[in-house]
Amino acid sequence: AKEQGGNRLHWFDAAMDHRAAESARLGADLEHALARGEMFLLYQPIVELPSHRHAGVEVLLRWKHPLRGLIPPDVFIPMSEQSGLIIDIGRWVLENACRQATTWQREYGDDAPEKVSINVSARQLAEPSFVSDVEDILTRTGVDRSRLMLEITETAVLDSGPALAAVRELRRRGLRVALDDFGTGQSSLSLLLDCPVDVLKVDKSFVSGSAVGNAGAAIVEGLIGFTSRLHLDAVAEGVETFDQAEHLHSAGYRFAQGYLFGRPMPAEAIEATLARNRRE
Ligand code: C2E
Ligand code: CA
Ligand code: CA
Ligand code: CA
């Protein structure tokens, strides 16, 4: 029996080695992904309730590996944070999203997405050059800064004084900031005293459990009172059903995002809806 256990342990080690090797290979490929044109952006609508009118879009990064196909951001973003590649990747996302926003502004005017929301990782935010990088990109792309929203997570600002300072400075310069995945961290509420933001994105884990009578419902309802008291906008994330949308609306939510209103999609698909809105 002892021998068997030993074998099993050996097998387990081998599996771990295999996984570590896979991950190392993916990490090596990630280094060239941008230069090889394997990254692209999708856009997911953020809508107003109850009209479902587009109020903005969130920019979501994708990596299409030539052999393995689409790698989810939950896999490659943490890898790129660890290696530091997120700095280059993050700049690329910002620049391309701003370019897209400028194009929409030019071609659709008042009908362009009002807000383009861009995810910023903890590591990017703590980079000393982050604020000036953003300014450079704003200048190069000519984007209207009042249309941009930067989505940050609470761990980003909890762990780092420089990140907190960057958030304050960016808001002073007229950019808007959203606190992402709100409620999933540790000290969400007290954080808001130190780190004023414009928008709270209420995490989908509460929204999907928000059917009347569930614990999620109480949280979702409590948070809306809290945000309005602080003069913040709230966006409910991960809305998948009409029942959820209805409950959120009656609880007082003005903005929502989720598969019910649209999956992350290429810019052209967003444009099709903009053109349709204009004709109506
Ligand atoms: P996130 O910022 O919380 O983005 C929302 C995620 O929820 C997206 O996953 C989106 O596709 C998914 N989602 C939207 N509606 C629904 C719904 O109704 N149901 C469910 N189950 N999911 C929904 P995605 O695109 O896979 O991105 C995962 C995470 O990767 C993002 O979470 C964000 O943390 C990170 N990420 C994505 N793009 C970027 C980026 O450009 N930069 C950085 N730093 N992180 C990014
Ligand atoms: Ca986000
Ligand atoms: Ca989120
Ligand atoms: Ca997330």
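Here are the numbers for this structure:
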item: Sites residue 241 and residue 51 - FRET efficiency at Förster radius 25 Å, r taken between beta-carbons, to 0.05; result: 0.90
item: DSSP bridge pairs, the chain: antiparallel proportion in percent, nearest 5; result: 45
item: Helical mean residue ellipticity (222 nm; -39500 (n - 2.57) per DSSP H run of 4+; nearest 500) of the chain; result: -17000 deg cm²/dmol
item: Coordinate range along principal axes, alpha carbons of the stretch 196-256, Å, largest first; result: 30, 18, 18
item: Per residue, the convex hull volume that the Cα atoms of the stretch 105-164 enclose (Å³); result: 78
item: Local electrostatic count, residue 44, Cβ distance below 9 Å [Lys/Arg +1, Asp/Glu -1]; result: 0
item: Whole-Å distance, taken between Cα centres, linking the stretch 20-46 and the stretch 235-280; result: 27
item: Relative contact order [Cα under 8 Å, 6+ residues apart], the chain, whole percent; result: 18
item: Spin-label pair residue 20/residue 228, simplified geometry with 7 Å Cα→Cβ offset, distance in nm; result: 5.4
item: Kirkwood hydrodynamic radius of the stretch 105-259, Cα pairs, Å; result: 16.4
item: Local net charge near residue 146, Cβ-Cβ under 15 Å (Lys/Arg +1, Asp/Glu -1); result: +1
item: Simple spin-label estimate for residue 268 and residue 250 in nanometres, 7 Å along Cα-Cβ; result: 4.2
item: The stretch 91-217, relative contact order in percent, only Cα pairs under 8 angstrom and at least six apart counted; result: 21
item: Two-decimal Rg/Rh across the chain, once Rg and the Kirkwood Rh are taken from alpha-carbon atoms; result: 1.02
item: Non-local Lys pairs in the chain, i.e. 8 or more apart or on different chains, that have alpha carbons under 28 Å apart; result: 5
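Each value in this text was obtained by applying a stated rule to the coordinates, not by laboratory testing. The structure displayed is predicted, hence computed values, not measured ones. All Cβ positions, even for glycine, are placed from backbone atoms using ideal geometry, and neighbour counts span all protein chains on display.
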